[in-house]
Amino acid sequence: MTFAYIDHTETQTASIGKMAVIVLIRAAEEMLSACKSARHKWEYHKSVAEFSGMNDHMLRGIGIHRSEITAIADHGADLSKARYYR
């Protein structure tokens with residue numbers, strides 16, 4: 001009887017430990033997702049600021065129009081996607 005009690009307690013402890021690990025992994029995944037989202041927003045705003053700082057002649061030189069700045073910043077260098085949303 002004593003062995004059954006010890007075995008049950010160890011099983012419960014192991015089960016709680018596994019649940020704690022799962023909770024920590026999920027929390028880490030959420031934090032990573034939040035960091036990626038924050039980085040994407042920062043890169044977007046940085047790109048918009050850089051393109052907005054260029055004059056129309058410079059923008060024309062690289063083949064974009066001022067109205068395309070936000071779409072290009074959102075979709076990256078793929079101008080075909082950016083122009084699709086124009």
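The values are calculated or read from the model by the stated rules, or taken from the named source; none is laboratory data. Just so it is clear, the structure is predicted and the values come from calculations on it, not from any experiment. Counting neighbours? That spans all protein chains shown, and the Cβs are built from the backbone with ideal geometry, glycine included.
For region 61-86, a residue qualifies if it is among the charged types (D, E, K, R), at pLDDT below 90 and surrounded by fewer than 14 Cβ atoms within 10 Å (Cβ to Cβ), and the qualifying residues are ASP78, LYS81, ARG86.
With the condition kept exactly as written, say whether any residue in region 23-41 is more than 18 Å from the chain's Cα centre (by Cα) and modelled with pLDDT of 85 or more. Yes, because at least one residue in region 23-41 is more than 18 Å from the chain's Cα centre (by Cα) and modelled with pLDDT of 85 or more.
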